Amino acid sequence: MTATAGQRARPAATYDVDAIRADFPILSTRTSRGRPLVYLDSAATSQKPRQVIDAVAGFYATGNANIHRGVYELSVRATDTYDLAREKLRRYLGARHAHEIIFTRGTTEGINLVAQSYARPRLQPGDEILLSALEHHSNIVPWQLVAEQTGARVRVVPVNDAGEISLDELERMLGDRTRMVALSHVSNALGTVNPVARVIELAHAAGVPVLLDGAQAAPHLEVDVAALGVDFFACSSHKMLGPTGMGVLYGREALLEAMPPYQGGGDMIGSVSFEKTTWAPLPAKFEAGTPHIAGAVGLGAAVDYIESVGRPAIAAHEHALVEYATERLSAIPRLRIIGTAADKVSVVSFVMDDAHPHDIGTILDDEGICIRAGHHCAQPLMRRFGLAATARASFALYNTAAEVDALVRGIERVRAVFG
Amino acid sequence: MATMNELYQSVILDHNRSPRNYRVMENADRHAEGYNPLCGDQLGVWLKLGDGDVIDDVSFQGSGCAISTASASMMTAAVKGKRRDEALELFDRFHGVVTGQRPAAEANLGKLAVFSGVAEFPVRVKCASLGWHALKAALERQDEPVVSTE
């Protein structure tokens with residue numbers, strides 16, 4: 001099944017959210033205060049279906065061995081399992097080659113890898129790295145580090161009051177000294193979907209490669225890295241139903257081939273001598289040391305799960321939830337939604353007069369409702385909106401309209417306390 | 001188990017709505033900043049010390065939740081007129097109670113006892129202690145911003 005915009009808008013009537021919820025054991029647990037869990041913090045980390053938990057446990061129970069070295073059957077099987085997970089991620093992200101899929105610890109490591117192995121050798125004093133004001137700290141700090149190391153500088157494309165980046169500004173800022181554009185595909189704090197296809201087009205027209213921080217996009221959107229023509233795309237397993245400590249960096253083959261290794265160690269070498277060490281071919285060159293094999297197995301099971309439900313169906317369901325939450329929260333007096341971009345997924349961020357996000361979070365927690373309260377690791381963005389923090393509800397394939405109603409009832413309790 | 005009503009008692013809500021001694025102090029003898037990296041809350045505490053290290057005046061200002069704002073506000077009211085060593089001793093008692101290391105009943109906190117319920121909300125302990133850490137840093141002349149890390 002190929003995805004189209006039409007399929008994304010498919011009505012949610014055929015979507016069996018109860019069956020999906022039954023796959024996630026944690027969703028039927030209760031808090032220590034005896035409340036059913038209302039988990040609205042999937043942008044921080046998603047919950048895991050039994051299929052992922054079983055895949056990880058099953059690997060340890062019957063498939064565990066180190067990969068790429070044992071001559072025995074079990075190791076060969078573990079290697080095959082690991083390689084199969086890579087192939088699943090290749091398909092999920094739309095990469096041409098499995099060796100363009102590098103397994104990492106997460107989005108953060110993927111971005112650091114690109115900053116250090118791709119950008120650092122190329123950057124000269126005065127060169128520029130373009131980011132946006134929407135970025136998560138993980139797509140700011142690695143660039144600040146490499147800027148400090150090379151004398152390059154970080155420049156920031158502004159966002160408007162709706163939380164959308166300015167393409168005009170981006171185009172203006174793309175100049176002779178621009179060496180990299182690094183942008184979130186979807187903002188973790190506001191849910192804004194950035195116009196990444198257009199950004200890539202503009203950047204490539206200026207001869208500048210683009211890295212997308214896909215941490216919030218990979219769980220929700222149909223991503224096709226080859227069709228987008230993006231140079232690097234980093235995402236995290238734990239935000240897309242998979243295990244923590246696992247992630248993917250996609251890189252275009254030609255760029256990855258030309259890059260030096262990020263870390264040295266076992267598994268990433270061709271041969272080692274004290275005179276001259278050679279590197280293993282892709283993707284092993286970037287996977288020093290024994291990798292998170294069970295993590296790859298779990299992530300593979302996670303994308304299988306997502307695809308079994310269907311990304312267009314998930315997108316339609318989540319879109320309806322965001323619309324419904326936006327409508328209900330907008331009706332609450334003295335509550336303001338932060339981030340009103342035309343294209344949003346998964347996230348509704350808000351502030352209330354008289355009640356700080358932390359207090360909102362504590363009172364909701366008492367009701368079993370899990371939201372994020374704080375700066376969402378996006379302090380520059382918070383400053384852009386003149387805020388120290390927001391409260392953020394974020395949705396995944398297993399959330400329901402009834403949970404949005406619970407959130408609204410919880411907010412009424414916040415009002416009762418704070419007036 | 002403490003309830004929401006015990007956490008958000010009316011005296012706390014009142015100090016949150018109308019924080020006492022809420023201003024930047026001109027010509028302060030001491031100043032320190034407290035910062036909570038978890039939520040971005042940040043506040044400054046200013047002191048004037050008189051003869052015998054008595055806290056003649058104390059103020060605070062910053063951005064924070066109800067617990068951190070009310071706690072800092074009530075802290076300023078509690079330590080004004082106290083000697084430096086008395087204020088530091090009160091810090092220890094308050095800190096012991098909100099971190100759950102000391103029973104509220106024996107800590108003699110007076111009005112500050114309204115924060116004893118915070119001990120049951122581990123993620124809010126650093127909110128209640130933020131202003132106090134800044135006070136301690138100011139009294140001990142730490143120039144670096146203090147980070148509340150309970």
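The values are calculated or read from the model by the stated rules, or taken from the named source; none is laboratory data. Just so we're clear, the structure is a prediction, and the values are computed from it rather than from any experiment. Reconstructed Cβ throughout: ideal geometry from the backbone, glycine too, with neighbour counts over all protein chains shown.
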Just one of B:52, B:81 is at pLDDT 95 or above and at positive phi; which is it?
B:81
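Which of the residues belonging to segment B:85-134 are in a helix (DSSP H, G or I), closer than 26 Å to residue A:32 by Cα and of a type in the set (Gly, Ala, Ser)?
We begin by selecting, within segment B:85-134, every residue in a helix (DSSP H, G or I); these are B:85-98, B:104-107, B:110-120, B:122-134.
Keeping just the survivors that are closer than 26 Å to residue A:32 by Cα gives B:95-98, B:104-105, B:113-120, B:122-129.
Across segment B:85-134, the qualifying residues are B:96, B:104, B:105, B:113, B:116, B:117, B:119, B:128, B:129.
Residue by residue, here is whether (1) out of contact with any strand residue (DSSP E or B) (no Cβ under 8 Å at 6 or more places or on another chain); (2) over 22 Å from residue A:186 (Cβ atoms); (3) hydrophobic (A, V, I, L, M, F, W, C); (4) assigned to a loop (DSSP other than H, G, I, E, B) holds:
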| site | (1), (2), (3), (4) |
| --- | --- |
| A:198 | yes, no, no, no |
| A:201 | yes, no, no, no |
| A:215 | no, no, yes, yes |
| A:227 | yes, no, yes, no |
| A:244 | yes, no, no, yes |
| A:276 | yes, yes, no, yes |
| A:288 | yes, yes, yes, yes |
| A:291 | no, yes, no, yes |
| A:302 | yes, no, yes, no |
I need the full set of residues from segment A:317-336 which are buried (at least 17 other Cβ atoms within 10 Å of the Cβ) and either in contact with a Pro (Cβ under 8 Å, 6 or more places away or on another chain) or part of a strand (DSSP E or B) (or both), in order please.
A:335
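Can we say residue B:125 is touching a Lys or Arg at 6+ places or on another chain (Cβ under 6 Å) and either modelled with pLDDT under 95 or within 14 Å of chain A (Cβ to nearest Cβ) (or both)?
Working: touching a Lys or Arg at 6+ places or on another chain (Cβ under 6 Å): no; either modelled with pLDDT under 95 or within 14 Å of chain A (Cβ to nearest Cβ) (or both): yes.
So residue B:125 does not fit the description; no.
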Checking residue B:117 against (1) over 30 Å from residue A:386 (Cβ atoms); (2) of a type outside the set (D, E, K, R); (3) away from chain A (no Cβ under 14 Å); (4) in contact (Cβ under 8 Å) with a residue 60 or more places away in the chain, the condition it does not meet
(3)
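With respect to residue B:20, is the statement that it is more than 10 Å from chain A (Cβ to nearest Cβ), charged (D, E, K, R), more than 22 Å from residue A:374 (Cβ to Cβ) and in contact with a Phe, Trp or Tyr (Cβ under 8 Å, 6 or more places away or on another chain) true? I'd like the intermediate steps shown before the answer.
Numbers: more than 10 Å from chain A (Cβ to nearest Cβ): yes; charged (D, E, K, R): yes; more than 22 Å from residue A:374 (Cβ to Cβ): yes; in contact with a Phe, Trp or Tyr (Cβ under 8 Å, 6 or more places away or on another chain): no.
Considered against the rule, which asks whether it is more than 10 Å from chain A (Cβ to nearest Cβ), charged (D, E, K, R), more than 22 Å from residue A:374 (Cβ to Cβ) and in contact with a Phe, Trp or Tyr (Cβ under 8 Å, 6 or more places away or on another chain), residue B:20 comes out as no.
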Mind telling me which of the residues A:175, A:207, A:163, A:126 ends up being small (Gly, Ala, Ser) and free of Cβ contacts under 8 Å to residues at least 12 places away in the same chain?
A:207
Among residues of segment A:373-399, those that are facing another protein chain (nearest Cβ under 10 Å), out of contact with any Cys (no Cβ under 6 Å at 6 or more places or on another chain), farther than 18 Å from residue A:164 by Cβ and of a type in the set (A, V, I, L, M), counted
2
When residues of segment A:388-405 are filtered for being of a type outside the set (Asp, Glu), crowded, with 19+ Cβ neighbours inside 10 Å and either without any contact (Cβ under 8 Å) to a residue 60 or more places away in the chain or part of a helix (DSSP H, G or I) (or both), how many remain?
4
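Matching residues to (1) surrounded by fewer than 24 Cβ atoms within 10 Å (Cβ to Cβ); (2) farther than 12 Å from residue B:15 by Cβ; (3) in contact with a Leu (Cβ under 8 Å, 6 or more places away or on another chain):
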{"residue": "B:72", "(1), (2), (3)": "no, no, yes"}
{"residue": "B:78", "(1), (2), (3)": "yes, no, yes"}
{"residue": "B:98", "(1), (2), (3)": "no, yes, no"}
{"residue": "B:116", "(1), (2), (3)": "yes, yes, yes"}
{"residue": "B:126", "(1), (2), (3)": "no, yes, yes"}
Being small (Gly, Ala, Ser), at pLDDT 95 or above and at negative phi narrows it down to one of A:5, A:12, A:19, so name that one.
A:19
Segment A:347-372, residues that are of a type outside the set (D, E, K, R) and facing another protein chain (nearest Cβ under 8 Å)
A:355, A:356, A:357, A:358, A:362, A:363
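So in segment B:44-58, with the set limited to residues that are buried (at least 23 other Cβ atoms within 10 Å of the Cβ) and either β-branched (Val, Ile, Thr) or within 17 Å of residue B:129 (Cα to Cα) (or both), which one is farthest from the other protein chains (Cβ to nearest Cβ)? Steps first, answer last, please.
Start the filter on segment B:44-58 by keeping residues that are buried (at least 23 other Cβ atoms within 10 Å of the Cβ), which leaves B:45-47, B:55, B:58.
Filter once more, so that each one left must be either β-branched (Val, Ile, Thr) or within 17 Å of residue B:129 (Cα to Cα) (or both): B:45-46, B:55, B:58.
Working: B:45: 18, B:46: 20, B:55: 27, B:58: 23 Å.
The selected residue is B:55.
Answer yes or no: is there a residue in segment B:133-148 that is within 14 Å of another protein chain (Cβ to nearest Cβ), crowded, with 19+ Cβ neighbours inside 10 Å, within 26 Å of residue B:4 (Cα to Cα) and of a type in the set (Ser, Thr, Tyr). So that I can check it myself, show each step before the final result.
Taking segment B:133-148 first, the residues within 14 Å of another protein chain (Cβ to nearest Cβ) are B:148.
Those left that are additionally crowded, with 19+ Cβ neighbours inside 10 Å: B:148.
Cutting the leftovers down to within 26 Å of residue B:4 (Cα to Cα) gives us B:148.
Those still in the list that are of a type in the set (Ser, Thr, Tyr) too: B:148.
Yes, segment B:133-148 has at least one match.
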Would you pick out the residues in segment A:246-274 that are assigned to a strand (DSSP E or B) and over 19 Å from residue A:87 (Cα atoms)?
A:269, A:270, A:271
Filter segment A:25-68 down to the residues that are touching a residue at least 60 places away in the same chain (Cβ under 8 Å) and among the basic types (Lys, Arg) and list them by number.
A:30, A:33, A:35, A:48
Would you please list the contacts, defined by Cβ atoms under 7 Å and residues six or more apart or on different chains, that run from a residue in segment A:345-367 that is closer than 21 Å to residue A:162 by Cα and without any contact (Cβ under 8 Å) to a residue 60 or more places away in the chain to a residue that is of a type in the set (D, E, K, R) and not in a loop (DSSP other than H, G, I, E, B)?
A:350/A:336; A:351/A:336
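Give B:62, B:81 a once-over and let me know the one that is within 14 Å of another protein chain (Cβ to nearest Cβ) and not in a helix (DSSP H, G or I). Please lay out each step first, then the result.
Values: B:81 fails: within 14 Å of another protein chain (Cβ to nearest Cβ).
Selected residue: B:62, the only one of B:62, B:81 that is within 14 Å of another protein chain (Cβ to nearest Cβ) and not in a helix (DSSP H, G or I).
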If we ask which residues in segment A:129-156 are touching an Asp or Glu at 6+ places or on another chain (Cβ under 8 Å) and of a type in the set (Val, Ile, Thr), their number turns out to be 2
Could you tell me which numbered condition residue A:266 fails, if it satisfies all but one of (1) modelled with pLDDT under 90; (2) under 22 Å from residue A:138 (Cα atoms); (3) not β-branched (Val, Ile, Thr)?
(2)
